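Novice: Below: one structure in structure tokens.
The values are calculated or read from the model by the stated rules, or taken from the named source; none is laboratory data. Keep in mind the model is a prediction, meaning the values are calculated, not measured. Don't worry about glycine lacking a Cβ; one is built from the backbone with ideal geometry, like all the others, and counts go over all protein chains shown. With ligands, DNA and RNA removed, areas are computed over all heavy atoms of the protein, side chains included. Shrake-Rupley method; radii C 1.70, N 1.55, O 1.52, S 1.80 Å.
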Amino acid sequence: QVQLVESGGGLVQAGDSLRLSCAASGSTFSINVMGWYRQAPGKQRELVAQITSGGRGNYADSVKGRFTISRDNVKNRVYLQMSSLNPEDTAVYYCNARDAMRVYWGQGTQVTVSS
């Protein structure tokens, strides 16, 4: 089992930056991919960015060039550095981790971007 706890959400203005953090605990040795998803009101949950244990990341087109995902395998944390935020980035952001058998989710952290 893996437990994920997000932090770092909040209310910011358009153009601001924010960093999300996700701490993993439990059977972290089994995790290969970690990532961030988001879900805006009335919309489906969507992938924002993910990163492999080797550090290879990929991003949704909507955040490329603005968001950066990183991972600390020693501390079992994954981060999402978000810059040039706009109101369309407003959503609940969920941390995600995958091993060979299961997908794990955090409880989510709200990010609200005001115009």
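Novice: Being in contact (Cβ under 8 Å) with a residue 12 or more places away in the chain and out of contact with any Lys or Arg (no Cβ under 7 Å at 6 or more places or on another chain) is the filter here; which residues of the range 48-64 pass it?
Specialist: Result: ALA49, GLN50, THR52, SER53, GLY57, ALA60, SER62, VAL63.
Novice: State all residues of the range 27-51 that are under 9 Å from the mean Cα position of the chain (by Cα) and open to solvent by 20 Å² or more (accessible area, probe 1.4 Å); if no residue qualifies, say none.
Specialist: TYR37, LEU47, GLN50
Novice: Would you confirm whether any residue within the range 102-111 is open to solvent by less than 80 Å² (accessible area, probe 1.4 Å), over 20 Å from GLN13 (Cα atoms) and either part of a strand (DSSP E or B) or aliphatic (A, V, I, L, M) (or both)?
Specialist: Looking for residues that are open to solvent by less than 80 Å² (accessible area, probe 1.4 Å), over 20 Å from GLN13 (Cα atoms) and either part of a strand (DSSP E or B) or aliphatic (A, V, I, L, M) (or both), one finds at least one in the range 102-111, hence yes.
Novice: Of the residues that make up the range 85-98, is at least one modelled with pLDDT of 95 or more, among the aliphatic types (A, V, I, L, M) and open to solvent by 20 Å² or more (accessible area, probe 1.4 Å)?
Specialist: Yes, that holds for at least one residue.
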